[in-house]
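Written below as structure tokens is the structure these notes are about.
Each value in this text was obtained by applying a stated rule to the coordinates, not by laboratory testing. Keep in mind the model is a prediction, meaning the values are calculated, not measured. Here the Cβ is made from the backbone with ideal geometry for all residues, glycine too, and neighbour counts use every protein chain on show.
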Amino acid sequence: MTPKTPIIHIIDDDDAARDSLAFLLKAAGFSTAEYRSASSFLANLPDLTAACVITDVRMPGQSGLELVVELKASHPGVPVIVMTGHGDVPLAVQAMKVGAVDFLEKPYDDVVIVRAVETALVGNADALAVHDEDGARDVKGRLETLTQRERQVLEKLVDGKPNKVTALELGISPRTVEIYRANVMSKMQAASVSDLVRMTILAERHR
Amino acid sequence: MERLWRSTDEGRDPQPPWGRALAPYGWAALLTAAATLTQIGLASRLDVHITFLLFLPAILASARTGGLGAGLAATAAGLVCALALMAPSGLRAEDVIAAGLLVALGAFIAVGGRRALAAQGAAEEVNRHLMEREAHLKSILETVPDGMMVIDERGVLQSFSQAAELQFGWTAQEILGKTISVLMPMPDRRRHDQYLDAYAKTGVRRVIGLGRTVIALHKDGSTFPVELSLGEMRSGGHVFFTGFTRDLSQRVAVEERLQALQTELIHVSRLSAMGEMATTLAHELNQPLSAMSNYLKGGRRLLEGENPQSQALEPMTKAAEQSLRAGEIIRRLRDFVTRGESELRPEPIGPLVREACALARVGSRGAGVKVRYALSADAEEVLADKVPLHQVILNLVRDAVEAMDRQGEKDLLLATKLVGKDLVEVTVSDTGSGLQEDVAARLFQPFVTTKGGQGMGVGLSICKTIVEAHGGRIWAQAGPRGGTPFGFTIPLARKVAA
């Protein structure tokens, strides 16, 4: 029995961004479908038994995050990857918390998106991705190298708190928070703050 | 009893607690019993006939302490006891008359007692009210932010409020009994006694009832401006003057603070506009950038595959289109930023420098700073938008003054000179603490500050933006005078003939 060919559903209001991603994924061997908006995707909802959804956050009408919430309610097993042109930490945290499997900041490397899609498809129903378990273990290993203070700063960061609030709550200066944050970034080998948030939240899920 | 209390108090309040209400009755009983015992004792020793006289003290005491009810109760008790004592020997006619007299007298005393009590209650009430009012008035006077003082006709201080203590540094205890002239600096001090004398003799009012601004002397010898209002009061053949003083230096400080906040606000709003712009820019630019990356990376995957040439052409074309789109976005944003932002016109640079410097030193800031100007006659008019340029100079002067805050020698030099044919160089040099090498390198970047927690670190970055928008350049250098000379150039309005 051959498994059904998975289809990657791409939702982005920017024509070039959508078209280029479809092109990239096709070049990587996936089948794709494109939608201009969340509503046009939901209106003719396809068969989602073997599928992955990639959506932009900032779109006219229904936002990407609202789409995740709605999709998680009706099709909890379908993995959704959220991407954004301007990733800030609270947005990344929010996306992961409403149930996105991954959060990517544009522009992203082709290896990163292809791997994210593969992971999402393999993990599909279950949050635990089999071949990503190594990655999760790596992240957990790196998390263990953090000092207690660094861990606290990371927790506040993942909660989406600005440095100033973190400083106040931990009773240290904002400058010190910055230093801890930089340490955390380098110890966790995170490329960006949203990368760091993504890593941390994924590692928590695999716990 | 309770009813009586109410009527005398007009239901105002104090219902005495039960213990206190009943006490007079207890006394009535006790004193009556004592009188009865005395009667018995006397009767057994001497052949004294029972007399009603002995019960009078009990009635009197009860009526005085408990009013009508207690007086009547004591009368009744006395009557009953006396009759009981007499009963064995039989009642005589005179006894009956005496008994009647006792009742009449008792009733009279009781009524008198009630009146006395009512009068006492009313007096206490009035007293209590007076004291309450006084406390109230005192609390009002103490919370008024203006200082208040009362002097008699010779100028001797009779009263000195808490606010006045704060303003002048004297405590009421120290200053009461001294003459008011201790609160005045020298020339006024001598004249004040003459004013008082003149008013006493002529009755001509000069300042009474009017407010005016005078200079006051603090206990520590410093002077400060106050607004003084005077009132007059005659009491018991004496004249008193009441003065209210409002510290104006505080108002000046508040105004200064307000101005500082306003400046900060302008900075912050500019900054947030910059932040918003950065967000928009990032979002707008990331779309074509990610599309480019997708097309190119996808194209490379195809080229690495089986049938390269045929399929790779399209993504290459599309990627190139996206790079042009990115360029277009940047151009649009630049137009947006510069559109209608500044209107350059010829401005005389000398007055502009002086004005901005004066503005920067408003208030207490820059006390003790010696300012020198070296304004070149060649550098007359620059092509500038006045307000932002003002802000640049103001910022530099303020920074310079702050840098010299703890320095002994406070020299500020503002200079203009012509550089080449068409540029004017403006420099602000101080004798302040100077700069660290690493900070100097990043000085004009946003959020770099040398002021600890005081500054936002955006002042100089804004200066840089403004100067560069004028087509000039801004810099800082380690100077021969120890501080950090800052300089910037700005185009000359009319080119000097070569």
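What does the structure give for A:24-37 when I average, per residue, the other chain Cβ atoms found within 10 Å of the residue Cβ? Present the calculation step by step, with values, prior to reporting the outcome.
Values: counts 13, 3, 4, 14, 4, 2, 0, 0, 0, 0, 0, 0, 0, 0.
Across the residues of A:24-37, the mean count of other-chain Cβ atoms within 10 Å is 3.
Within a Cβ distance under 12 Å of A:Glu144, other residues only, what is the Lys/Arg minus Asp/Glu net charge? Each step should come with its number before you reach the end.
On the way: positive: A:Arg137, A:Lys140, A:Arg142, A:Arg151, A:Lys187; negative: A:Asp138, A:Glu150.
Summing Lys and Arg as +1 and Asp and Glu as -1 gives +3.
So which trypsin sites (Lys or Arg not before Pro) in the range B:213-252 end up in coil per DSSP with only 15 or fewer other C-beta atoms within 10 Å?
For trypsin sites (Lys or Arg not before Pro) across the range B:213-252 that sit outside H, G, I, E and B with at most 15 neighbouring Cβ atoms in 10 Å, the list reads B:Lys219.
Scan around B:Glu153 for amide H atoms under 5 Å from its own, H built in the peptide plane at 1.01 Å from N, and keep only partners 5 or more places away or cross-chain.
Under 5 Å from the amide H of B:Glu153 lie the amide H atoms of B:Val239, each far enough along the sequence or on another chain.
To the nearest 10 degrees, how steeply does helix A:174-188 sit against the main Cα axis of chain A, on a 0 to 90 scale?
50
Let me confirm one metric for peptide B:281-289, namely the mean number of other chain beta-carbon atoms within 10 Å of its residues' beta-carbons.
Numbers: counts 1, 7, 7, 3, 4, 11, 13, 7, 4.
Average per residue, whole number: 6.
Sort the following peptides by mean Cβ neighbour count (other Cβ atoms within 10 Å, averaged over residues), highest first: B:289-298, B:83-92, B:127-136, B:171-180. The partial results should precede the final answer.
Values: B:289-298: 24.8, B:83-92: 11.7, B:127-136: 10.1, B:171-180: 14.7.
For the peptides B:289-298, B:83-92, B:127-136, B:171-180, the packing ranking is B:289-298, B:171-180, B:83-92, B:127-136.
Give me the extension gain from B:Lys421 to B:Glu306: residue separation times 0.36 nm, minus the current Cα-Cα distance, reported in nm with one decimal.
On the way: separation 115, 0.36 × 115 = 41.40 nm, distance 6.60 nm.
Between B:Lys421 and B:Glu306, full extension yields an extra 34.8 nm.
Amide H to amide H under 5 Å from B:Ser159: which residues, 5+ apart in sequence or cross-chain, H placed 1.01 Å off N in plane?
Those qualifying (amide H under 5 Å, at least 5 residues apart or on another chain) are B:Val150.
Taking amide H positions as placed 1.01 Å from N in the peptide plane, with prolines and chain starts having none, which residues 5 or more places from A:Met83, or on another chain, fall under 5 Å of its amide H?
Amide H neighbours of A:Met83, under 5 Å, 5+ apart: A:Thr55, A:Asp56, A:Val57, A:Leu104.
Work out from phi, with θ = phi - 60° and the Karplus expression 6.51 cos²θ - 1.76 cosθ + 1.60, the ³J(HN,Hα) of each residue of the range B:75-87, listed in order in whole Hz, and give x for Gly and Pro.
Residue by residue, the range B:75-87 yields 4, 4, 4, x, 4, 4, 4, 4, 4, 5, 5, 7, 3 Hz.
Please give the contour-minus-distance gain from B:Ala107 to B:Ala76: 0.36 nm per residue of separation, less the Cα-Cα distance, rounded to one decimal in nm. Before the final figure, lay out each step's value.
Values: separation 31, 0.36 × 31 = 11.16 nm, distance 0.97 nm.
Length gained between B:Ala107 and B:Ala76: 10.2 nm.
Between the helical axis of A:110-123 and the dominant principal axis of chain A, each derived from Cα atoms, what acute angle in degrees is found, rounded to the nearest 10?
Between helix and principal axis, roughly 80 degrees.
Dividing the alpha-carbon Rg of the range A:133-205 by 2.2 N^0.38 Å yields what? The partial results should precede the final answer.
Working: Rg = 11.7 Å, N = 73, 2.2 N^0.38 = 11.2 Å.
The range A:133-205 yields a ratio of 1.04.
When the chain is fully extended, how far beyond the present Cα-Cα distance does B:Ser139 get from B:Val182, taking 0.36 nm per residue of separation? Don't skip to the answer; put the middle values down first.
Working: separation 43, 0.36 × 43 = 15.48 nm, distance 2.62 nm.
Going from the current span to full extension adds 12.9 nm.
Calculate one ³J(HN,Hα) per residue across the range A:11-17 by plugging θ = phi - 60° into the Karplus curve 6.51 cos²θ - 1.76 cosθ + 1.60, and present them in order as whole Hz with x for glycine and proline.
Once θ is set to phi - 60°, the couplings for the range A:11-17 become 10, 7, 7, 7, 4, 5, 4 Hz.
Please compute, for the alpha-carbon atoms of the range B:147-250, the extent along each of the three principal axes and give them in descending order in Å.
Computed over the range B:147-250, the largest-to-smallest principal extents equal 35, 25, 21 Å.
Between the range A:74-96 and the range A:9-53, what is the C-alpha centre distance in whole Å?
16
Roughly what angle does helix A:193-205 make with the longest principal axis of chain A, taking Cα atoms, 0 to 90 degrees, to the nearest 10?
80
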